[in-house]
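Colleague: The structure follows.
Nothing in this text is a laboratory measurement; each read-out follows from the coordinates by a stated rule. Everything quoted here is computed from the prediction, not taken from an experiment. Using ideal geometry, Cβ is built from the backbone for each residue, glycine included, and neighbour counts are taken over all protein chains shown.
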Amino acid sequence: MKKQSLVAMSLAALAAGYATAEAGTLPSIPESLRTPAAEILTLETAARGVQIYQCSARQDEPTRFEWTFKAPEADLFDTTGRKIGKHYAGPTWESDDGSKVVGVLKARDNGPDADAIPWLLLGAKSTAGSGVFSRTTSIQRVRTVGGIPPTETCSEAQAGNVSRVGYSATYYFYVAKP
């Protein structure tokens, strides 16, 4: 057997075993948020943290103010509840193993809960390191709870104020099939 074939089979077995160990059962995903058939699920994480908003003037109407999304700040947990990384501005997901992925929005869906941030499909804009996130090609954010902009007034008097709104979500990470 050729060395390349053996390496490819080993990677496939590793990915399949890792997907079984770390990936859970996918919820019903809207068609617009589905990943390409050439990708496989390798990791499921639960995120718990905050969505950070700042009261600022609207770009299109500077005399009106609104809560503007600035960044997420969350811890990531594997399916056993062990903290494995963090999620922050970029949007970036960084594993405790040093690997990271920066995403770019591809699609959004309002999801089933009007009081929660939308469900998303993101593509990997860049990756770094050699760990769990290093080969990520797509990311789904689903099962969101909370995180929507504050309902309190945002006016010129509150300009610059920051609000940290609690949220949770499930993130699914995909890689190209070996």
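Colleague: Round to a whole angstrom and tell me the spacing of the C-alpha centers of segment 32-98 and segment 162-176.
Modeller: Value for the Cα centre distance between the two parts: 4 Å.
Colleague: Let me ask something additional. Note the full-extension length gain between E73 and V145 as 0.36 nm times their separation in residues minus their Cα-Cα distance, in nm to one decimal.
Modeller: 24.5 nm
Colleague: Further, regarding this structure: Read phi for every residue in segment 110-118 and hand back ³J(HN,Hα) as whole Hz from Karplus 6.51 cos²θ - 1.76 cosθ + 1.60, θ = phi - 60°, with x for Gly and Pro.
Modeller: Coupling constants for segment 110-118: 4, x, x, 10, 5, 9, 10, 4, x Hz.
Colleague: I need to check one value: relative contact order of segment 37-178, counting alpha carbon pairs closer than 8 Å and at least 6 residues apart, in percent.
Modeller: 32 percent
Colleague: Run the quick spin-label model on S168 and D97: label points 7 Å from Cα toward the beta carbon, then report their separation in nm to one decimal.
Modeller: It is 2.6 nm.
Colleague: So what is Rg over Rh here for segment 97-178, counting just Cα atoms and using Kirkwood for Rh?
Modeller: Result: Rg/Rh = 1.09.
Colleague: Could I ask something else about it? If I stretch the segment between A114 and Y88 completely, what's the gain in nm (0.36 nm per residue apart, minus their alpha carbon distance), one decimal?
Modeller: 7.0 nm
Colleague: Restrict the search to segment 32-78; then list the trypsin sites (Lys or Arg not before Pro) that DSSP places in a loop and that have at most 14 other Cβ atoms within 10 Å of their Cβ.
Modeller: Here the sparse-neighbourhood loop sites are R34, R58, R64.
Colleague: At R0 = 45 Å, how high is the FRET efficiency between Q158 and K125 if r is their beta carbon distance? Nearest 0.05 is fine.
Modeller: Taking R0 as 45 Å, the efficiency between Q158 and K125 is 0.85.
Colleague: Shifting gears a bit: As an exercise, identify the trypsin sites (Lys or Arg not before Pro) in segment 74-105 lying in DSSP coil whose Cβ has no more than 16 other Cβ atoms within 10 Å.
Modeller: When the trypsin sites (Lys or Arg not before Pro) of segment 74-105 are filtered for loop state and at most 16 Cβ neighbours within 10 Å, R82 remain.
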